[in-house]
């Protein structure tokens, strides 16, 4: 040891650990995108973090055909209608796999030297233009140019100085995206045994390693009404990276389940009954655009969180949707009264209600209700608070893993966690909370083996789902008639 002479200073770690910020409602959305329209196309089957509509369109493209391009519905709703972000998108539509071909489509140039190709989803790099007899192959950017119009159609334009004559009839061959080839298996995905790459819903485990953001919701609009897809969504949401949890927003189909009385039976028959599952029925419409209710509910959840410092203690129920009607898949309007909507709520289904103050999300229950009754399992805001608190504790105290088990380190965890919970209670995000290190939960054998357990007590507020007033005629006030 070096010889010392003088006054020296050393440091010890701060005994109170500040909490790590966790994004409470981060949506991770799986589906299909018109990747051929993207100016900066993102890889297929890779989580893409977007903070704005512009960013999403640049990386994934945009097309108003939401039936075929399901991610576009979520882009429009989340960024435009609700003005919230970010979102993680996963596009499973692979232009190398989900495509079809056109061989020698005949087009004729109009008086502006232009012609539109018949198919949508055209992959520009595959276009080949020939003379009508097939004897001449023309060159891109010399003889002709290609571009997309505002509707996603490809326009072929003759270039002056090139070899194509005015008004010519041409033959064009090309590949185009075929979203109909995408199946539920592509959404579910898995791990490629040959390459070890992740696909589909398996990529939920890649979001945190890539972006250091914990998923708050998992969605697959247009696909979540498939019971197999929904089951995998719930399984993945309940065990992210073997540590985190979030909720899965799923839809009950409106093409086969057309009456509200049919919804509970379908829900139970198809096992949409998880604690971390939110079931939605029917769809909602704004203008001419029809949205899955799960899509708009995700926007409403994020907007509600944003009003509360990104703390998910408040329910999105009884808050305004961006809608002017509720509809089935075919556009048939659905008009529920409060009693009918309450029936769905009592069966663990969130719906849309137009009663007081416009169209609103209506319902607080998770899919586990009514079979389960534990508040932490059946109330949406309480379930989300438990997930959020658990995720925050994991991230905050991950740095303490492998520290020596000694009193100072145990007290540091207990004290800092209690300060954090006390702050939440002071701001009324929870009614109360505390962390304790209990001897009965930490037997010697576990402590010797490096296992330390802390007991967290916490009570988020329940949503006031029922407010009752009792009216009584009080004859005593008749005395006022006599002065």
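Each value in this text was obtained by applying a stated rule to the coordinates, not by laboratory testing. Just so you know, these numbers come straight off a predicted model, no measurement behind them. When we count neighbours, we look across all protein chains shown, and the Cβ atoms used for this are built from the backbone with ideal geometry, even at glycine.
A few remarks follow.
- Antiparallel bridges, percent of DSSP beta bridges restricted to the chain (to nearest 5): 75
- Between helix 293-306 and the chain: long-axis angle, C-alpha atoms, 0 to 90°, nearest 10: 50
- Peptide ranges 442-455, 38-51, 128-141 listed from the most packed, as the mean C-beta count within 10 angstrom indicates: 38-51, 128-141, 442-455
- The tail of the calculated P(r) for the chain, taken as Cα-Cα distances beyond 32 Å, holds 52 percent of the pairs.
- With the simple spin-label model, which puts each label point 7 Å out from Cα in the Cβ direction, the residue 436 to residue 310 separation comes to 3.3 nm.
- Once the Kirkwood radius over Cα pairs is known for the range 99-177, the Stokes-Einstein relation at 37 °C and 0.692 mPa s delivers a diffusion coefficient of 265 µm²/s.
- Distribution of pairwise C-alpha distances over the range 152-225, 10 Å bins, in %: 12, 28, 21, 14, 17, 8
- Sorted peptide list for 461-472, 368-379, 312-323, 289-300, criterion being average Cβ within 10 angstrom, highest first: 289-300, 312-323, 368-379, 461-472
- Calculated [222 nm] ellipticity per residue, helices only, for the chain: -6500 deg cm²/dmol; basis is -39500 (n - 2.57) per DSSP H run with n ≥ 4, divided by all residues, nearest 500.
- Stokes-Einstein D (µm²/s) once Rh is taken as the Kirkwood radius of the range 407-483 over alpha-carbon pairs, at 37 °C in 0.692 mPa s: 195
- In the chain, the longest principal axis of the Cα atoms and the axis of helix 407-426 are about 80 degrees apart.
- From largest to smallest, the equivalent ellipsoid semi-axes obtained for the range 277-432 from the alpha-carbon gyration tensor read 39, 15, 14 Å.
- Most to least packed among 209-218, 98-107, 399-408 [average Cβ atoms within 10 Å]: 209-218, 98-107, 399-408
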